[in-house]
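The values are calculated or read from the model by the stated rules, or taken from the named source; none is laboratory data. These numbers come from a predicted model, not from an experiment. When we count neighbours, we look across all protein chains shown, and the Cβ atoms used for this are built from the backbone with ideal geometry, even at glycine.
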Amino acid sequence: MSLETIATFDFLPEAEIVRGRLLAEGIPCRLADQYLVQANWLYSPAVGGIKLQVEAQDAARAREVLARDYSAELD
């Protein structure tokens, strides 16, 4: 299994929201380094933040999902 990082985050709540969006679309994904960043947020720049990773074959579809603009659906 080859994983590809498609996004990085400084804060876990934002990463979890985006991860949930991909999971809702049926795209398996995982977060990397979230525990290290949560333990000491000053490590975030050193490790490259919290990484959202998907399998390489799902990367293009995942990027499409993340690029969608849902703002028109809000009141």
inquiry  = Return the residues of segment 40-58 that are under 11 Å from the mean Cα position of the chain (by Cα) and at negative phi; say none if nothing qualifies.
reply    = ILE50, LYS51, LEU52, GLN53, VAL54
message = Of all residues being within 10 Å of GLU4 (Cβ to Cβ) and either touching a Lys or Arg at 6+ places or on another chain (Cβ under 8 Å) or not small (Gly, Ala, Ser) (or both) in segment 53-65, which is surrounded by the fewest Cβ atoms within 10 Å (Cβ to Cβ)? Just the residue, please.
response = GLN57
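Restricting the search to segment 66-75, which residues are in a helix (DSSP H, G or I) and either loosely packed, with under 11 Cβ neighbours inside 10 Å or at pLDDT 95 or above (or both)? Please lay out each step first, then the result.
Going residue by residue through segment 66-75, those that are in a helix (DSSP H, G or I) are 66-67, 71-73.
Within segment 66-75, ALA67, SER71, ALA72, GLU73 qualify.
Return yes when VAL37 is surrounded by 13 or more Cβ atoms within 10 Å (Cβ to Cβ), free of Cβ contacts under 8 Å to residues at least 40 places away in the same chain, in a helix (DSSP H, G or I) and touching a strand residue (DSSP E or B) at 6+ places or on another chain (Cβ under 8 Å) and no when it is not.
Values: surrounded by 13 or more Cβ atoms within 10 Å (Cβ to Cβ): yes; free of Cβ contacts under 8 Å to residues at least 40 places away in the same chain: yes; in a helix (DSSP H, G or I): yes; touching a strand residue (DSSP E or B) at 6+ places or on another chain (Cβ under 8 Å): yes.
So VAL37 fits the description; yes.
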